[in-house]
1. What pairs come up if the first residue lies in region 139-152 and is open to solvent by 10 Å² or more (accessible area, probe 1.4 Å), the second is away from the ligand (no atom under 13 Å from the Cβ), and their beta carbons are under 7 Å apart, counting only those six or more places apart or on different chains?
2. Considering each of K22, K88 in turn, give the residue that is of a type in the set (D, E, K, R) and in contact with a Cys (Cβ under 6 Å, 6 or more places away or on another chain).
3. Among (1) buried (at least 24 other Cβ atoms within 10 Å of the Cβ); (2) of a type in the set (V, I, T); (3) away from the ligand (no atom under 16 Å from the Cβ); (4) over 29 Å from K32 (Cα atoms), which single condition is T227 missing?
4. Of the residues S203, S195, which single one is touching a residue at least 12 places away in the same chain (Cβ under 8 Å), within 14 Å of the ligand (Cβ to nearest atom) and under 22 Å from Y68 (Cα atoms)?
5. Considering only residues that are under 17 Å from T197 (Cα atoms), part of a strand (DSSP E or B) and more than 16 Å from the ligand (Cβ to nearest atom), which ones fall in region 96-134?
6. Quick one: in region 220-236, which of the residues that are in a loop (DSSP other than H, G, I, E, B) and within 14 Å of A116 (Cα to Cα) is farthest from the chain's Cα centre (by Cα)?
7. Take the residues of region 66-113 that are among the small types (G, A, S) and open to solvent by less than 10 Å² (accessible area, probe 1.4 Å): which is nearest to the chain's Cα centre (by Cα)?
Amino acid sequence: MIIRFERNGKVKHGWMVEDEKKVRVIEGDIYKLQSAKPIMTGLEVPLDDVVLQAPSAPSKVVCIGVNYRDHAEEMGIDLPAEPLMFLKPSTTVVGPGEPIVYPRLTENLHYEGELAVVIKKEAKHVKAEDAEEYILGYTCAIDVTARDLQMKDGQWTRSKSFDTFCPLGPAIAAKLDHQDLRIVTRVNGEVRQDSSTSQMVFSVPQLVEAVSAVMTLLPGDVILTGTPPGVGELKVGDEISVTIEGIGTLSTRVRAGE
Ligand code: MG
């Protein structure tokens, strides 16, 4: 599992060895590696001595709306004929444990637990069958949404774009069969979303093809692949977690905005 961490004021990538509670520091630029296996510096640090950051620092976060069959059913809406895309700015991204800030401009903050795809190399006009070579791996995400503003505005920029509206992490699973992964969102320990990535309308390779047909994806960019049923409200003080099979658990909490 690849992590991005801060230690002694420096941010680096590392390979997390959870059982041994340590991090092996990765050599050089993780996005320029030729092989799937990162090169290690030989340095190891205790996991307790590092502060986890969002596992990538994307130039943009591309999100897909209504991409789970069971969620479309729940909402009573037709399945989209093409992937429905929107963007979250890079300033929405926060790392594991960094709180979601409840903005004063909304009165209806919602969570959406999602599988996130991290792009490995520049991608433009990529075919679905070639998509895997452009993917570094997968992590967990929360597509935080001000639902009242989404309804009021008629388009989604404001409702999706407040600072802290895209928690990412805790780590990137580099090799993962993403076709049937259990995805569970809990609020204050209670299960709110429990589905499988097998419910996706458009698969991960199809999404890479569709998005890269529009815009150039850069190393570290992230695609959020849509949310399963069970979206709902968050209040100040709530604890939220998203667990995806083969990746781990992203946990955070909601705090009031200034
Ligand atoms: Mg979403």
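1. These pairs meet every condition: R147/N108; D148/T106; D148/E107; D148/N108.
2. K88
3. In the conditions (1) buried (at least 24 other Cβ atoms within 10 Å of the Cβ); (2) of a type in the set (V, I, T); (3) away from the ligand (no atom under 16 Å from the Cβ); (4) over 29 Å from K32 (Cα atoms), T227 misses (3) alone.
4. Being touching a residue at least 12 places away in the same chain (Cβ under 8 Å), within 14 Å of the ligand (Cβ to nearest atom) and under 22 Å from Y68 (Cα atoms) holds for just one of S203, S195, which is S195.
5. V118
6. P228
7. Of everything passing the filter in region 66-113, G113 is nearest to the chain's Cα centre (by Cα).
The values are calculated or read from the model by the stated rules, or taken from the named source; none is laboratory data. Please read all numbers here as calculations on a predicted model, not as lab measurements. A quick note on method: Cβ atoms are made from the backbone with ideal geometry, for glycine too, and the neighbour counts reach across all protein chains shown. The protein model used for the area step is the full one, side chains on, heavy atoms only, and it has no ligands, DNA or RNA in it. Shrake-Rupley method; radii C 1.70, N 1.55, O 1.52, S 1.80 Å.
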